[in-house]
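Written below as structure tokens is the structure these notes are about.
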Amino acid sequence: MVTLTTNTTATTYVDSVYNKLVETNGHEVEFLQAAKEIIYSLTPVFEKRPELMEAGILERIVEPERILKFRVTWMDDAGKVQVNRGYRIQFNSAIGPYKGGLRFHPSVNESIVKFLGFEQIFKNSLTGQPIGGGKGGSDFDPKGKSNNEIMRFCQAFMTELYRHIGQDIDVPAGDIGVGGREVGYLFGQYKRIRGGYEPGVLTGKGLSFGGSLTRTEATGYGCVYFVDEMLQEIKESFQNQTVVVSGSGNVAIYAIEKAQQLGAKVVAASDSSGYIHDPEGIDLALLKDIKEVRKARIIEYVKERPEATYTEGCTGIWTIPCDIALPCATQNEIDEASARLLVENGVKAVGEGANMPSTLEAIDVYLENNVLFAPAKAANAGGVAVSALEMAQDSSRQFWTFDEVDKKLHQIMINIYNESSAAAKRYGHEGNLLFGSNIAGFEKVADAMLAQGII
Ligand code: NDP
Ligand code: 2IT
């Protein structure tokens, strides 16, 4: 049982909550990393607002409201029975229905889903929209699977998940390994089981059945919009900057697209096998064709662009000198050593398109060296923000143009930047967007929890 620690200082309080978490979740390293970053950045809030300590808000917010873990059984093309593990973590519903993506990747386990779900609470709050935090997924590996196998897996996954979700309960979407195709199959199975048309139950849907324009582009575009706001503080922009983007999935491709539109030269991208370096600037049409149409490996790029080079392995991408680094692949892809290399090579700004792509040590390196740092919760909130706009369109049965959604997205990213900056200043950490975004995201959820009583 959690003992509430009242009548103590904020520092002792956050220490005690974090230590308790280590005791009870010691093996969940990714979750503990995400929790540590947030918990300690909230110390100034508890100093100013002891009523939040007294109400045990921190003890409650680190504990998921519900963890669902289930078997997913399906049959592969060879007729062999396959078993995977499915997850949905319904972390916090103080400000709205649980909302967050599904990740299909062999590395998925409870710790990964918990870290993602925990981050989602604060990110969703920052968007200013009424969505709580959740996340899910499976250790299913989509690589090398046929289209039919993907469909059968999605159907089997939804056959269990459907009973736990709903447009006012929990609204999943995509993440690594889950894009438009998978959301389509998941939605089809949900509709078949429910016997009704409830488009608001999933976001990232196809445009012909309740999807929103700009959702595909939203995370990558949003990340660049956010970094652009940050650059304006030092009277700079994306114009003529050299940019390195890791990954070549949904987030990476549209971060590259928007950075190029704003005049940057994007010189590198990667997948989990290696990275390409194209000093003259990436040919995005070619990259999209390889990754989105052919669904091939990034090495194919250099076969058609002899001026580019391919290198095996992922971390080497951070040795390429750049002004702006946009990690858009996965968690902990920039460690302390990579962060130091980025700094030595003169990086001005880091914008996190992926979730928790920098280790805690890497973040310290950015902050010690005055690198402008756009933390994931704020910088990649554009995806879920447009998901919430998709929910709004589904409810009203009216759909907006690409430009309308893009303008709303841009304004949301500006608001997140302004609110994070203001919160950092209000709590004595001016310029520190990590503190600012954690605090701004937290306060709204904490106030809702306080108002809703001890539940
Ligand atoms: P995709 O599946 O579309 O792309 C993932 C990309 O990252 C691929 O290039 C993949 O390479 C690479 N990658 C995945 N795992 C690893 C790994 N372990 N090591 C190195 N590279 C890896 O996913 P998204 O683009 O949607 O997601 C990327 C990141 O952005 C994730 O952290 C996700 O949580 C985050 N995010 C996504 C949002 C969305 O709306 N989709 C919203 C906010 C954040 P390969 O093809 O070889 O696996
Ligand atoms: O990490 C994320 O914010 C996402 N994968 C998007 C979640 C969503 O519900 O659109």
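The values are calculated or read from the model by the stated rules, or taken from the named source; none is laboratory data. All values reported here derive from a predicted model rather than from experimental measurement. Counting neighbours? That spans all protein chains shown, and the Cβs are built from the backbone with ideal geometry, glycine included.
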Would you pick out the residues in region 128-158 that are out of contact with any helix residue (DSSP H, G or I) (no Cβ under 9 Å at 6 or more places or on another chain) and over 19 Å from residue 106 (Cβ atoms)?
-> 148
Okay, strands (runs of 3 or more DSSP E) sitting entirely in region 58-146 with 1 or more residues that are at pLDDT 95 or above, surrounded by fewer than 20 Cβ atoms within 10 Å (Cβ to Cβ) and not basic (Lys, Arg), I get 66-75, 81-92
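Mind listing whichever residues of region 313-333 are closer than 19 Å to residue 106 by Cβ and more than 16 Å from ligand 2 (Cβ to nearest atom)?
Residues of region 313-333 that are closer than 19 Å to residue 106 by Cβ, as a first pass: 313-314, 329-333.
Residues satisfying the conditions are 313, 314.
So which of 275, 301, 221 ends up being outside any loop (DSSP other than H, G, I, E, B), on the phi < 0 side of the Ramachandran plot, surrounded by 17 or more Cβ atoms within 10 Å (Cβ to Cβ) and within 16 Å of ligand 2 (Cβ to nearest atom)? Give the steps one after another, and end with the answer.
Numbers: 275 fails: within 16 Å of ligand 2 (Cβ to nearest atom); 301 fails: within 16 Å of ligand 2 (Cβ to nearest atom).
The conditions single out 221.
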Quick check: anything in region 244-263 out of contact with any Asp or Glu (no Cβ under 6 Å at 6 or more places or on another chain), in a loop (DSSP other than H, G, I, E, B) and closer than 22 Å to residue 338 by Cα?
-> yes
Within the group 354, 339, which residue is in contact (Cβ under 8 Å) with a residue 12 or more places away in the chain, touching a helix residue (DSSP H, G or I) at 6+ places or on another chain (Cβ under 8 Å) and either surrounded by fewer than 22 Cβ atoms within 10 Å (Cβ to Cβ) or in a loop (DSSP other than H, G, I, E, B) (or both)?
-> 354
Give the residue that is nearest to residue 378 (Cα to Cα), with candidates limited to residues of region 93-131 that are more than 10 Å from ligand 1 (Cβ to nearest atom) and without any contact (Cβ under 8 Å) to a residue 60 or more places away in the chain.
-> 117
Considering region 153-168 alone, what residues qualify as being touching a residue at least 60 places away in the same chain (Cβ under 8 Å) and either in a helix (DSSP H, G or I) or within 14 Å of ligand 2 (Cβ to nearest atom) (or both)?
-> 153, 155, 156, 157, 160, 161, 164, 165, 167
Taking region 27-47 as the region of interest, how many residues are buried (at least 23 other Cβ atoms within 10 Å of the Cβ) and assigned to a loop (DSSP other than H, G, I, E, B)?
-> 1
Filter region 362-399 down to residues that are under 15 Å from residue 225 (Cα atoms) and assigned to a loop (DSSP other than H, G, I, E, B) and give me whichever is nearest to ligand 1 (Cβ to nearest atom).
-> 380
Odd one out for residue 273, checked against (1) within 10 Å of ligand 1 (Cβ to nearest atom); (2) of a type outside the set (A, V, I, L, M, F, W, C); (3) in contact with a Phe, Trp or Tyr (Cβ under 7 Å, 6 or more places away or on another chain) | (3)
Residue within region 210-217 that is within 15 Å of ligand 2 (Cβ to nearest atom), at pLDDT 95 or above, among the charged types (D, E, K, R) and outside any loop (DSSP other than H, G, I, E, B) present = yes
Counting only residues that are surrounded by fewer than 24 Cβ atoms within 10 Å (Cβ to Cβ) and within 21 Å of the chain's Cα centre (by Cα), region 424-433 contains a total of 1
Scanning for something within 30 Å of residue 418 (Cα to Cα) and either in contact (Cβ under 8 Å) with a residue 60 or more places away in the chain or over 18 Å from the mean Cα position of the chain (by Cα) (or both), does region 78-91 turn up at least one residue?
-> yes
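I'd like to know if region 351-359 contains one or more residues that are on the phi > 0 side of the Ramachandran plot, within 16 Å of ligand 1 (Cβ to nearest atom) and at pLDDT 95 or above. Lay out the reasoning, then the answer.
Just the residues of region 351-359 that are on the phi > 0 side of the Ramachandran plot, to begin with: 356.
Going one step further and asking which of them are within 16 Å of ligand 1 (Cβ to nearest atom), we end up with 356.
Pick out the ones that are also at pLDDT 95 or above and you get 356.
Yes: region 351-359 contains one or more residues that are on the phi > 0 side of the Ramachandran plot, within 16 Å of ligand 1 (Cβ to nearest atom) and at pLDDT 95 or above.
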Tell me, please, whether a residue that is over 30 Å from residue 369 (Cβ atoms) and part of a helix (DSSP H, G or I) can be found in region 424-444.
-> yes
Within region 172-201, considering residues that are closer than 13 Å to residue 137 by Cα and either assigned to a helix (DSSP H, G or I) or touching a Pro at 6+ places or on another chain (Cβ under 9 Å) (or both), the one nearest to ligand 1 (Cβ to nearest atom) | 177
